[in-house]
Each structure stands twice: as C-alpha cells, then as structure tokens.
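Dumping the structure here so I can ask a few things about it.
Just so it is clear, none of the values below were taken in a lab; they were calculated from the coordinates. Owing to the predicted nature of the structure, the values given are computational and were not obtained by experimental measurement. Heads up, the Cβs are rebuilt from the backbone with ideal geometry, glycines too, and the neighbour counts pull from every protein chain shown.
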Amino acid sequence: MPKAATLPKVTLRPQDSDYRAPDEFPLDHVSVSAMVEFTSNPILFKIRRLNRDSIDTATNVSAVVGKAVHRAMELYYSEDIPDDEGEAIKAALAAGMEYMDEYPEGFINYSSTVETKQKAVERVSFAVTEYIKQADRKSEKTIGCEEKMIQTIDIDWRGERLRLPCPLKGFIDRVARDDKGWLKLYDYKTCSAFSNLEKIDGSKILQAVEYYLLAYATYGEEPHSMTFEEIKTTKNKDGGPQVRKYEIIYSENHLYFDFFFRLFADIVRALNGQMVYVPNVKALYDNEVAIIAYIQRLDVTEEAAKLMAKHKVETLTELLKSDIQMAGNMRKLLQEAQKGMTEAKSINYETMTNQEKIQTKLLEHGMIIRFDSVVEGATVDLYRFSPSIGIKMSRIRQYADDIQQVLGASGIRVLAPIPGTTLIGFEVPRTERRFPAMPSPDGLNLAIGETVDGKVRRLDLRSAPHMLVSGSTGSGKSVCLHAIIEQLIGQPDVEMHLFDPKMIEFKKYAGSAASYLTDPEDITAALAYLVDDMNGRYTHLMESGKRDSESSGLKTKVIVIDEFADLAAQQAGLKERATALHYIQLLAQKGRAAGIHLIIATQRASTKVITGDVKVNFPVKAVFRMAKEVDSRVMLDEPGAEKLLGKGDMIFCSDAGTERLQGYLPAGL
C-alpha cells in the first residue's frame with residue numbers, strides 16, 4: 001500500500017452537483033455514533049436510525065454527568081466570557097450546576113456508586129474543577145465550542161475521489177488555534193478510569209477522522225491534531241493526575257484514514273443490501289495486526305492473494321511486517337497531563353456580593369443553593385438560601401472555613417437548617433457593629449438580647465426555670481449578668497441573692513436591696529437556707545392547695561452566682577451533701593414551683609463543672625464566645641460558640657430553639 005504524501009483533501013460538494021447516492025440510501029446523515037452502533041448493535045441501529053423509532057429510557061447517570069461537564073466547558077471557553085480566569089471558572093461551575101439542577105430526576109438511571117442526584121452534582125463539580133486546574137485557557141484562541149456540523153463532502157485520498165453518499169454530522173467540543181497557527185480539535189470525556197493504553201480504541205480513531213473531515217469542511221484547512229481529554233470524576237487514591245490527554249497528530253497517522261474509509265465503505269455497501277463483513281468496532285482492535293489486516297482487506301481472499309503476489313511473500317505474517325511499525329503510532333496517543341496547575345487558578349471574588357461569594361464557593365464543592373434573602377442584624381447579617389434536593393446539611397456545615405476564607409471574615413456560623421425553616425443560613429459578621437440599647441423592664445420577662453432581625457428576645461424567668469451563662473474573658477458574659485440584675489433589682493415582688501466568689505463582679509450592688517455574699521462558706525450557708533425555705537414553701541403550697549408561688553402570693557427569689565466553677569473548686573474537700581454544688585442541685589430540681597430561680601455563670605466549660613445533671617436542670621443557656629470548639633460542644637452539644645465575636649455576641653438556647661443574639665449594654669457599664 002503506497003504511503004500518502006499528504007493528508008486527505010476535503011471539498012464541499014456543490015448543491016447543484018450531479019452526484020447521487022447509490023440506490024435509495026436509507027440515512028439522511030452519518031455520524032460516528034451511528035457507525036459504532038451499526039457495528040456493535042445492529043438491531044438498535046435499525047430501530048433508531050432506519051425505522052426512526054424513539055425508545056423512552058432513562059439516561060445513564062454517567063452520561064448525564066458528562067453532558068453537564070460539556071456544558072461547563074462550553075461556558076469556560078466561550079468568547080462571551082471575559083479574559084478574567086476567575087469569571088470563566090465561575091461561569092463554568094454555574095453552567096454545569098444549572099444543567100444538573102434542571103435535569104429531570106425521573107430521567108436519570110442511577111448506579112450503585114452514584115445513587116442520588118446530589119452525588120452526581122458533586123462529580124460534575126469535582127470533574128470541572130480538576131479539569132480547570134490543568135487547563136491553559138489563554139495559550140490558544142478558541143474559535144468554536146460545541147459546534148453542530150453537518151457537511152456534504154468529497155474527499156481526495158491516495159489518488160482517488162471518495163464521495164460520501166450522505167452528509168457527515170458531528171459536534172466538536174472545541175476548536176482552537178495555537179500560537180503556531182495550527183487548527184486543533186478537542187473532545188472531553190468524563191470517565192471513572194482512564195483508557196487502556198495497551199489497546200487501540202476503534203471509536204477514538206473513527207471520531208478523530210470524522211472531526212478532521214468536518215473541521216476541514218467548515219474552516220477550509222487541515223486540522224493539525226485531535227486531543228481527547230479524559231477527566232476522572234472520582235479522586236485518585238494514589239494522588240495521580242485526574243486528567244489525561246490523548247493527542248492524535250493527523251500527519252503521523254495515515255492508517256486512521258484508511259481504517260475510517262474502509263469501514264465507511266463497508267457500512268454503505270451493507271446498507272445498500274450487499275453481503276459485507278463489518279467488524280465490531282468495540283471488539284476487533286486489540287492489536288496492530290488485526291487492524292492492518294482489516295485495512296488491507298486481508299479478510300477478502302482475492303485481495304490477500306493479490307497483495308502476497310505483489311510483494312512476493314507466501315504468508316500473511318510476512319505481508320503485514322512492513323506496516324506493523326507504522327501502526328504502532330496508534331498507541332502513541334498519551335500526552336502527559338501537566339502536573340499541578342498551568343497557572344494559579346482562582347475565582348475573582350472581589351467584585352461579588354456576599355451572597356454570590358457563598359453560592360460560588362459551594363458550587364466549587366458541588367452544592368447548588370439559591371439565594372432567598374438577607375436579614376441585617378446588629379452584629380451579623382443572616383444570608384438565607386434554599387438548598388437543592390439531596391444536599392446533606394452536615395456537608396454544608398463542613399465548609400464553614402471555606403466560606404470564611406472567601407468572605408474574608410471570621411466568626412461565620414452555618415445554620416443548616418435555620419431552626420424552624422427549610423432554609424439554610426450563614427451568619428456573617430458586619431463590618432460595623434451596632435450595640436442595641438436596653439429596652440424597658442417587663443417584670444420577670446427579661447430582655448436577653450436583640451435577634452438578627454432586630455426584635456427583642458425575652459425570657460420569662462417563671463417558665464425558664466433556670467439559666468446557665470458561659471463565656472471566656474471579654475465575651476460579654478458579665479455584662480449579660482449585669483443586664484439581668486438591672487432588670488430585676490428593686491422590683492418589690494423580687495428578692496435578689498448575688499453570690500460573688502471572686503469578690504469583684506457584683507461589688508457595686510453591696511448595700512443595695514439585694515443580698516450580696518462573697519465568702520464561700522457564707523454562700524454555702526445561704527444556699528442551705530434557701531433549700532430550707534424552698535421546702536417550707538412546698539409545705540405552704542400543699543396546705544393552701546396552690547400549685548405555684550405566683551398563685552400563692554410568695555415573692556420570687558432569684559439567685560445569681562458568678563464563676564460557679566471557682567465556688568465548686570473552693571469546696572472540693574467538703575462532704576458532698578454539705579457543698580454549694582449539692583444545694584444548687586436541689587434548688588435546680590425543685591425550685592421552679594416554689595418561685596426560686598437560679599442564674600449561674602462560669603468561664604470554664606469543662607465536663608467536671610458542667611456535668612450532665614447541671615445541663616439537664618439548666619435548659620436555658622446564654623453561651624458567649626468560648627476559647628475552643630470542645631468548650632462549645634460541652635455547652636451546646638455542637639460547635640459554633642468558638643466562632644462568636646465577643647462583646648455580647650451570644651448563642652441563646654431555650655424551649656423556642658437556638659438563635660444568635662446581641663446582648664444589651666446596661667447604662668453605667
């Protein structure tokens with residue numbers, strides 16, 4: 001077989017050409033997918049291509065993921081996107097996620113490894129971001145993306161004119177021109193594993209040639225190469241590349257064209273009713289000998305005899321030797337993927353609003369959320385979003401640090417979901433905080449703080465029944481205690497007991513209407529007295545037939561203890577039944593109906609101080625900034641308090657739920 005000096009020449013066939021397809025050709029166009037289907041599944045080919053019957057079946061999830069990645073790449077390389085790399089990345093992610101979000105759930109055939117739409121979305125996001133890391137968008141000028149091409153052509157090849165009986169049809173993912181002026185073609189393929197380099201891929205050969213012919217006809221020049229970019233949708237366990245490029249340089253692979261034209265001719269003959277051997281493209285090409293034998297028509301006895309006589313050989317093996325070396329080029333497709341990024345890739349978040357930053361950052365991790373609203377508060381603004389179906393709330397919470405990074409702010413708390421709603425929220429600290437003024441007192445209905453939407457959050461101490469306050473130095477814990485005391489002290493029906501083991505926090509109230517004690521022994525004795533008083537009140541209630549202190553006219557007693565941990569530590573050597581902790585436990589268990597309420601505060605949130613019994617009996621908690629996440633978990637059973645901003649920024653827990661408040665600053669502090 002003589003070697004061609006040049007590549008095939010392609011010309012568009014004029015509309016007034018006198019050429020006619022042989023017989024009544026049954027197809028209005030031919031594509032690579034049709035050729036492969038004809039050779040591997042002729043029954044399905046007949047149903048789809050000849051009978052033109054549609055089969056309503058769900059699309060395999062891997063195909064849906066692939067289409068979403070194609071959509072993302074179309075936007076990434078689009079001429080409509082500015083040169084800014086960050087804008088291109090953002091557009092690509094948004095396009096891929098939008099495609100997945102809008103794809104009907106019922107039309108996806110999920111697999112054992114991709115069981116939900118959310119998992120499919122995550123694979124799209126992963127594939128897009130991994131591809132973009134190694135892509136060099138600016139090194140070539142993209143001149144076409146996802147372009148539909150239908151061309152009726154004639155081909156000059158090896159001294160003959162080949163006339164295709166019907167148009168070729170295909171979609172080239174990307175056409176680009178490099179700095180040398182070469183026309184280069186690209187095709188993206190998502191996969192779970194890279195192609196086996198030990199095998200010749202017949203489908204890739206056919207696609208490479210078809211794209212050559214279509215691009216030549218469309219742009220009027222020979223393409224230089226065809227590159228298949230395989231993108232793994234799952235992370236490599238060995239840390240290897242996520243993207244591999246298989247580049248076919250046309251001038252080095254004349255046999256590709258011989259193969260395409262032989263197969264195309266055989267399919268045409270078969271469709272016209274002739275008895276023709278057409279090999280299965282997916283099964284034939286495991287070695288060079290098989291493909292050369294087919295190209296040289298050695299399956300046809302007469303052709304083989306002519307060639308052996310011409311080359312004066314007696315066996316097919318000897319005949320094939322001269323071309324096997326050339327066929328070896330078919331395996332030389334792998335173009336080493338760049339290690340790492342070709343350049344620093346990042347999205348330009350500086351021009352975005354906060355809600356756009358949050359949405360885009362989560363898109364990078366495969367999560368689609370839609371902006372709902374923003375509520376502006378004194379300390380934080382609450383950005384509310386509606387999540388797409390299938391997103392696990394625990395996954396969103398994992399990305400709090402990513403949101404902090406992209407917003408350039410600390411102290412961001414993720415609410416997934418926002419209590420009492422179907423929305424998710426992100427509490428973002430304001431650049432300028434506002435400290436709300438203390439509202440007017442309302443008896444035992446205490447003003448604790450201002451909600452994000454500017455409302456006064458009150459706590460009815462009679463139904464609380466007890467409150468635990470915790471926070472590190474400078475967090476606002478002590479200010480909160482003073483705010484509560486200022487609302488209660490002086491009320492005629494309230495008796496205040498202020499216990500201050502550190503001797504400095506409540507000193508300003510010494511000599512006031514409140515009982516003020518600092519010595520641990522005096523505090524313990526006072527607590528023992530209050531326990532006796534509680535028991536006496538229960539006797540009174542029983543005798544009077546009343547159910548609570550309010551209905552019986554008894555005064556409400558409020559006990560405020562600062563630094564509960566210090567008081568407990570100072571009495572570590574005493575017998576258990578004689579300690580302040582013991583009396584506090586009794587008051588916490590039975591004090592509510594007797595009109596006795598406890599508000600205790602501590603800086604140290606260790607499990608030795610905040611025991612299980614303490615947490616059970618103190619259902620209301622005002623938790624200010626904690627030093628560590630473990631402290632937050634002790635108080636709230638979840639992280640979050642370590643991200644608070646201090647100066648009255650708190651997480652308040654009550655029967656109504658958990659919410660973030662800004663505490664009040666009493667006059668004179």
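To the nearest 20 debye, what charge dipole does the chain have about its Cα centre, counting +1 at the Cβ of each Lys and Arg and -1 at the Cβ of each Asp and Glu?
Numbers: 85 positive and 95 negative charges, 161 e Å.
Value, rounded to 20: 780 debye.
What is the calculated FRET efficiency for K502 to E146, with r their C-beta to C-beta distance and R₀ = 56 Å, to the nearest 0.05? Can you show the working numbers first?
Numbers: r = 71 Å, r/R0 = 1.27.
With R0 = 56 Å, the Cβ-Cβ based efficiency is 0.20.
Can you compute the label reach from C166? Point 7 Å from Cα along the Cβ direction, backbone N cut-off under 11 Å, restricted to segment 248-282.
The answer is 268, 271-272, whose backbone nitrogens lie closer than 11 Å to the label point.
A further question on this structure: For every other residue with a beta carbon closer than 12 angstrom to the beta carbon of N41, add +1 if it is Lys or Arg and -1 if Asp or Glu, then tell me the sum.
Combined, the nearby Lys, Arg, Asp and Glu give +3.
Here is a further query. At 4 °C and a viscosity of 1.567 mPa s, what translational diffusion coefficient does Stokes-Einstein give for the chain, taking Rh as the Kirkwood radius over Cα pairs? Give it in µm²/s as a whole number.
On the way: Rh = 31.3 Å.
It diffuses with D of about 41 µm²/s by this estimate.
Short version: ³J(HN,Hα) in whole Hz for each residue of segment 654-660, in order, from phi by Karplus 6.51 cos²θ - 1.76 cosθ + 1.60 (θ = phi - 60°), x for Gly and Pro, what are they?
Running phi through 6.51 cos²θ - 1.76 cosθ + 1.60 with θ = phi - 60° gives 8, 4, 6, x, 10, 8, 9 Hz.
Continuing with the same structure: Less than 12 Å Cβ to Cβ from I485, Lys/Arg counted +1 and Asp/Glu -1: what total charge do the surrounding residues give? Could you put the intermediate results ahead of the total?
Details: positive: K508; negative: E486, D500, E505, D562.
Surrounding charge for I485 is -3.
Using Cβ counts within 10 Å as a stand-in for footprinting exposure, how do W182, W157 rank, fewest first? Please list the in-between numbers first.
Numbers: W182 15, W157 18.
Exposure proxy ranking, most exposed first: W182, W157.
How high is the FRET efficiency from Q398 to N236, r the C-beta distance, R0 30 Å, rounded to 0.05? Before the final figure, lay out the partial values.
Details: r = 22 Å, r/R0 = 0.72.
With R0 = 30 Å, the Cβ-Cβ based efficiency is 0.90.
A further question on this structure: For n ≥ 4 DSSP H runs only, could you compute -39500 (n - 2.57) per run for the chain, divide by its residues and tell me the 222 nm figure to the nearest 500? Walk me through the intermediate numbers first.
Details: 21 runs with 233 residues, N = 669.
The helix contribution divided over the chain gives -10500 deg cm²/dmol.
On alpha-carbon atoms, Rg over Rh for segment 445-663 using Kirkwood Rh?
0.95
Let me ask you something else. Can you list residues whose amide H is under 5 Å from H597's amide H, if they're 5+ apart or on another chain and H is modeled 1.01 Å from N?
K557, V558, I559
Convert 25 °C to kelvin, take the viscosity as 0.890 mPa s, use the Kirkwood radius over C-alpha pairs of segment 367-429 as Rh, and evaluate the Stokes-Einstein diffusion coefficient in µm²/s, rounded to a whole number. Can you show the working numbers first?
Numbers: Rh = 11.8 Å.
This corresponds to a translational diffusion coefficient of 208 µm²/s.
If you count the DSSP beta bridges with both ends in the chain, what percent of them are antiparallel, to the nearest 5? All intermediate terms of the calculation are to be shown ahead of the outcome.
Working: 62 of 96 bridges.
Roughly 65 percent of the beta bridges in the chain run antiparallel, per DSSP.
Please give, to one decimal in nm, the separation of the simple spin-label points placed at A437 and E629, each 7 Å out from Cα toward the Cβ.
Simple spin-label model gives 4.2 nm for this pair.
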